[in-house]
Amino acid sequence: MDIYIRNPIRIIDGIPVFTINDEYTDNYEQISNDHLEALKIKGINPFMEENIWIEMENSTAKLVNKYSKASYNILDVGVGTGRLLSRFPDLNRFGIDISTGYLNESRQKGINVCFAMAEEMPYKNELFDIVVCTDVLEHLLNPIIACKHMVRIAKPGGIIIIRITNMETKNAEE
């Protein structure tokens with residue numbers, strides 16, 4: 001299936017690369033490497049309490065279950081380790097991220113991945129039935145451009161699921 005609107009810059013270990021590395025991507029790669037190392041050593045996410053992570057992921061999975069049908073195309077923007085999409089083997093799963101470590105983890109779970117910033121999504125118009133973007137927009141340099149891409153790549157009548165961390169809740173508890 002031809003899914004891209006342009007050719008990748010290069011391919012690294014079978015992963016198409018559409019974004020040129022810079023300070024932003026290099027910083028994120030270091031953060032993701034720290035995350036992956038902690039997962040290997042301790043088995044937990046060092047950046048978030050496991051019960052909160054599971055609760056948020058379950059709420060997102062519930063929405064995906066509600067709106068998906070077998071063979072739907074789903075994209076996870078900021079796919080990370082592919083943990084969410086691994087729950088949906090009956091869907092055509094795609095992931096985009098700027099961490100080669102994360103993308104390798106996701107690919108091992110059968111997810112079709114590419115290396116690109118959310119603001120540079122290389123996918124064709126109206127390709128996805130569902131687009132998921134969780135805990136990503138608040139970290140982007142230009143979230144408006146990323147949102148425009150999500151709308152562009154969603155099929156007419158498609159579903160876009162966005163979750164943004166609420167820092168006010170955390171501060172209110174302290």
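The values are calculated or read from the model by the stated rules, or taken from the named source; none is laboratory data. Here the structure is a predicted model, which means the values were calculated and not measured. Positions of Cβ are backbone-derived with ideal geometry, glycine not excepted, and every protein chain shown enters the neighbour counts. Note: areas computed on protein heavy atoms with side chains; ligands, DNA, RNA excluded. Shrake-Rupley method; radii C 1.70, N 1.55, O 1.52, S 1.80 Å.
Ignoring ligands, DNA and RNA, what accessible area per residue does the chain give at 1.4 Å, in Å²?
55 Å²
So which GluC sites (Glu not before Pro) in the stretch 68-130 end up in coil per DSSP with only 16 or fewer other C-beta atoms within 10 Å?
E126
With a/c under 1.5 counting as rounded, go ahead and sort the chain into rounded, prolate or oblate using the C-alpha gyration tensor (a ≥ b ≥ c being the square roots of the eigenvalues; past the cut-off, prolate if a/b is larger than b/c, else oblate).
It comes out rounded by the Cα gyration axes.
Measuring from label point to label point, each 7 Å out along Cα→Cβ, what is the N142 to E55 span in nm?
3.6 nm
Rank K148, K124 by accessible area, highest first, at a 1.4 Å probe radius?
Ranked from most to least accessible, the order is K148, K124.
Counting only pairs 8 or more residues apart or on different chains, how many lysine pairs in the chain have their Cα atoms under 22 Å apart?
Count of close lysine pairs: 10.
Take R87, R163 and sort them by solvent-accessible surface of the protein heavy atoms, 1.4 Å probe, largest at the top.
R87, R163
In terms of the Cα gyration tensor, with a ≥ b ≥ c the square roots of its eigenvalues, is the stretch 1-65 rounded because a/c is under 1.5, prolate because a/b exceeds b/c, or oblate?
oblate
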